[in-house]
1. All but one of (1) among the hydrophobic types (A, V, I, L, M, F, W, C); (2) without any contact (Cβ under 8 Å) to a residue 60 or more places away in the chain; (3) under 16 Å from Y241 (Cβ atoms); (4) in contact with a Leu (Cβ under 6 Å, 6 or more places away or on another chain) hold for I226, so report the exception by its number.
2. Sort out which residues of the range 147-158 are farther than 17 Å from Y104 by Cα and either near the ligand (Cβ under 7 Å from one of its atoms) or of a type in the set (V, I, T) (or both), and write them in order of number.
3. Just need a number here: residues in the range 162-192 that are more than 12 Å from the ligand (Cβ to nearest atom) and acidic (D, E).
4. Name, by its number, the condition in (1) in contact with a helix residue (DSSP H, G or I) (Cβ under 6 Å, 6 or more places away or on another chain); (2) touching a residue at least 60 places away in the same chain (Cβ under 8 Å) that does not hold for T168.
5. Looking at (1) aliphatic (A, V, I, L, M); (2) under 15 Å from K8 (Cα atoms); (3) surrounded by fewer than 16 Cβ atoms within 10 Å (Cβ to Cβ), find the lone condition where A49 falls short.
6. Would you check if G186 is crowded, with 17+ Cβ neighbours inside 10 Å, in contact with a His (Cβ under 9 Å, 6 or more places away or on another chain) and not in a helix (DSSP H, G or I)?
7. Checking L195 against (1) at pLDDT 95 or above; (2) surrounded by 15 or more Cβ atoms within 10 Å (Cβ to Cβ), which single condition isn't satisfied?
8. Restricting attention to the range 1-28, and to residues there that are in a helix (DSSP H, G or I) and over 18 Å from the mean Cα position of the chain (by Cα), which single residue is farthest from the ligand (Cβ to nearest atom)?
Amino acid sequence: MDKDLQGKTALVTGAASGIGRAVALLYGQHGANVMVSDIDEEQGRQVVAELTAAGANARFYKADVGDPAQCHQLVQETVAAFGTLDVACNNAGITGELSLTADYSLEGWQKIINVNLNSVFFCLKYELEVMLKQGHGAIINMASILGQVGTPTLAGYVAAKHAVVGLTQTAAQEYAAQGVRINAVGPGYIDTPLLKDFSAKTKQALVALHPIGRLGRSEEVAELVIWLSSDKASFVTGAYYPVDGGYLAK
Ligand code: NAD
């Protein structure tokens with residue numbers, strides 16, 4: 001167990017499922033107070049129940065990260081519930097439309113940019129307000145391997161994730177001297193409900209893109225998030241860390 005997360009407050013968006021759920025559960029195992037946030041209230045409350053059953057201090061707050069007012073309220077509710085905000089994992093995201101670029105709908109473009117990029121800016125902005133006053137904090141933004149390379153039919157997703165990496169690098173430089181570290185994590189394909197619209201054949205083709213020979217597990221991403229959240233990563237900021245079974249090494 002990582003003692004330096006003991007008693008700290010951790011906020012996770014998109015925490016009802018997949019990677020966010022694994023991150024929230026692992027923060028709890030490391031002794032952090034956990035604010036579980038999602039638009040899916042039923043599943044989100046289920047994660048809080050799991051955390052509570054395991055002895056952790058956890059709350060749920062429903063927030064749509066595409067709405068800046070709800071992101072602001074989420075941060076305020078976290079501080080009201082636990083007194084501080086020490087670490088935040090801006091994780092909520094969707095796949096969005098699967099279309100060639102020329103066919104990508106304007107509505108689909110606005111949606112993916114709002115949910116996968118604007119959301120990270122909204123959360124970051126309000127998390128920073130609190131962390132800069134405290135003089136410390138660690139923020140982990142969930143990017144993707146597709147924040148470094150492109151792939152057909154996912155223009156909106158790829159554009160949003162590249163921008164999340166750039167936003168991370170910029171904000172990290174701005175606040176490094178004030179005690180706030182900001183990093184991005186880039187998972188390869190992880191077997192979560194995010195891939196539910198992909199056929200078995202497509203999933204098999206995705207496996208072949210990872211030299212390790214399988215899709216990743218949410219817990220494998222969560223371990224990296226925990227390390228970046230802890231003081232063990234005290235000299236790490238503005239970085240992009242792949243956790244991708246070798247995908248980007250090819
Ligand atoms: P998931 O679908 O299992 O979980 C995503 C969660 O985000 C869900 O609980 C969903 O309700 C929530 N969410 C969606 N829109 C929201 C909104 N507007 N406001 C608040 N919550 C919202 O997906 P996952 O695979 O765990 O993905 C988590 C993050 O990891 C995403 O940012 C995704 O882009 C990224 N990622 C996933 C993979 C992968 O292969 N699964 C790979 C790289 C990056």
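1. (2)
2. V149
3. 1
4. For T168, the exception is condition (1).
5. For A49, the failing item is (2).
6. no
7. Evaluating L195 over (1) at pLDDT 95 or above; (2) surrounded by 15 or more Cβ atoms within 10 Å (Cβ to Cβ) leaves (1) as the failure.
8. The selected residue is K3.
The values are calculated or read from the model by the stated rules, or taken from the named source; none is laboratory data. Given the structure is predicted, the values throughout are model-derived calculations rather than measurements. We place every Cβ from the backbone using ideal geometry, glycine too, and count neighbours over all the protein chains shown.
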